[in-house]
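Visitor: My questions will all concern the structure given below.
What follows is calculated from the coordinates using simple rules that are stated; it is not laboratory data. Predicted model, so just to flag it, every value in this text is computed and none were measured. Glycine also receives a Cβ, built like all others from the backbone with ideal geometry; neighbour counts cover every protein chain displayed.
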Amino acid sequence: MYSKEQASQLRQAFWTAFGQYMGPIPSAEGLKINWINYKTGVKHIYFRMQAETKSAGISIDIAHPDLELQELFFEQFLTYKNILHATLAENWEWQLHTTDEYGKTISRIYKEISSVSIYQQSDWSQLISFFKPRIIALDEFWSDVKYAFGVSV
């Protein structure tokens, strides 16, 4: 068991290491990118990576406070579902109107793995191997479809 401070330091160390590992990799458009704090350019749409004690996940979170608009964004993603899954080379889970860890209603498209821990350095290579191809594929997908979601140049 780790103290709160030790746990925080391990999380920070993992994300720093991941950021350094991903740093040299350009975006699909050839630009420098902050992979950990990915900016979609659309308010209320986020690409998130999270790693916990027993699992890790990567997701597209649609967090619009207006649930009808949130549903419209979700439906818009559904029109690109085949492209997304082809780009990722796998199928993801789709949840309309679920609750996030803060009790807020969001819609989420995600992939998770279990039996890994951010607090075990021996799992870090597995976590990096999980996150890296998926965040790169999400970026590739987003570079193709983002203008349909209102991203301006």
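Visitor: Restricting to the range 80-91, and then to whatever is over 14 Å from residue 149 (Cα atoms) and touching a residue at least 24 places away in the same chain (Cβ under 8 Å), can you tell me which residue is surrounded by the fewest Cβ atoms within 10 Å (Cβ to Cβ)?
Guide: It comes out as 89.
Visitor: Note down all Cβ pairs under 8 Å where the first residue falls in the range 1-18 and is without any contact (Cβ under 8 Å) to a residue 40 or more places away in the chain, the second is among the hydrophobic types (A, V, I, L, M, F, W, C), and they're at least six residues apart or on different chains.
Guide: Note: pairs meeting the criteria are 15/36.
Visitor: Taking the options 107, 117, name whichever one is in contact with a helix residue (DSSP H, G or I) (Cβ under 6 Å, 6 or more places away or on another chain), surrounded by 13 or more Cβ atoms within 10 Å (Cβ to Cβ) and part of a strand (DSSP E or B).
Guide: So the residue among 107, 117 that is in contact with a helix residue (DSSP H, G or I) (Cβ under 6 Å, 6 or more places away or on another chain), surrounded by 13 or more Cβ atoms within 10 Å (Cβ to Cβ) and part of a strand (DSSP E or B) is 107.
Visitor: Being aromatic (Phe, Trp, Tyr), free of Cβ contacts under 8 Å to residues at least 40 places away in the same chain and either assigned to a helix (DSSP H, G or I) or crowded, with 19+ Cβ neighbours inside 10 Å (or both) narrows it down to one residue among 77, 73; which is it?
Guide: 77
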